[in-house]
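Student: My structure is below; once you've seen it, I'll send some questions.
The values are calculated or read from the model by the stated rules, or taken from the named source; none is laboratory data. Keep in mind that this is a model prediction, so the values were computed, not measured. Note that we place each Cβ from the backbone using ideal geometry, even for glycine, and neighbour counts take in every protein chain shown.
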Amino acid sequence: MSIRERAKKLDKILFDLFKCQWQQQHLFSEVSNLNIKELFTIQILGIKNDSATMSELADVFSIPATTMTSIVDRLVNKEYLTRFRSKKDRRIVKVSLSPKGREIYEQQYNLLLESKMTVLKILSKEEQQDLISLMEKVLINFKNQLK
């Protein structure tokens, strides 16, 4: 098999993995009455375990800050996020997860983690470590391509 054929196979596998992850997110989105962008915003803040500005969040989504502000406004109104001013610079507005937002993040995270654990259980410990190491290596390469 040529490198091009292997690249095509890898592309299909990565696409299918992304599609499965997306479908899991979508199912949780329906159950939680949040749209995907709202759910991802909660997930970003949960993973970051810190506050963020509109610009920081907008950069992750590659959308204008004004669009991000409308997503955040909905989440603040639903009481999933809290909005506050930076202590260092009062002009900067930040958002963080509220207790309700933290709860929904933990629920979503635990469901996704269970799914990953199910996948890992079909592999030996050595295969699990190999998979994780290879995925990290691939991720680093993809990130470097984006620089």
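Student: Is at least one residue of segment 70-79 modelled with pLDDT under 95, assigned to a helix (DSSP H, G or I), under 26 Å from Leu146 (Cβ atoms) and in contact with a strand residue (DSSP E or B) (Cβ under 8 Å, 6 or more places away or on another chain)?
Tutor: No, the conditions are met nowhere in segment 70-79.
Student: Out of everything in segment 36-81 that is more than 24 Å from Glu106 (Cβ to Cβ) and hydroxyl-bearing (Ser, Thr, Tyr), what residue ends up being surrounded by the most Cβ atoms within 10 Å (Cβ to Cβ)?
Tutor: Here the answer is Thr69.
Student: Test Val119 against the criterion of being in a helix (DSSP H, G or I) and modelled with pLDDT of 95 or more, and give yes or no.
Tutor: Details: in a helix (DSSP H, G or I): yes; modelled with pLDDT of 95 or more: no.
No.
Student: So is Tyr109 under 25 Å from Leu27 (Cβ atoms) and touching a Gly at 6+ places or on another chain (Cβ under 6 Å) or not? Give the derivation first.
Tutor: On the way: under 25 Å from Leu27 (Cβ atoms): yes; touching a Gly at 6+ places or on another chain (Cβ under 6 Å): no.
In short, no.
Student: Can you tell me which residue among Lys87, Lys48 is out of contact with any strand residue (DSSP E or B) (no Cβ under 7 Å at 6 or more places or on another chain), charged (D, E, K, R) and more than 29 Å from Leu146 (Cβ to Cβ)?
Tutor: Being out of contact with any strand residue (DSSP E or B) (no Cβ under 7 Å at 6 or more places or on another chain), charged (D, E, K, R) and more than 29 Å from Leu146 (Cβ to Cβ) holds for just one of Lys87, Lys48, which is Lys87.
Student: Still on this model: Let me confirm something: among Leu27, Leu34, Leu57, which residue is under 24 Å from Leu113 (Cβ atoms) and touching a Ser or Thr at 6+ places or on another chain (Cβ under 8 Å)?
Tutor: Leu57
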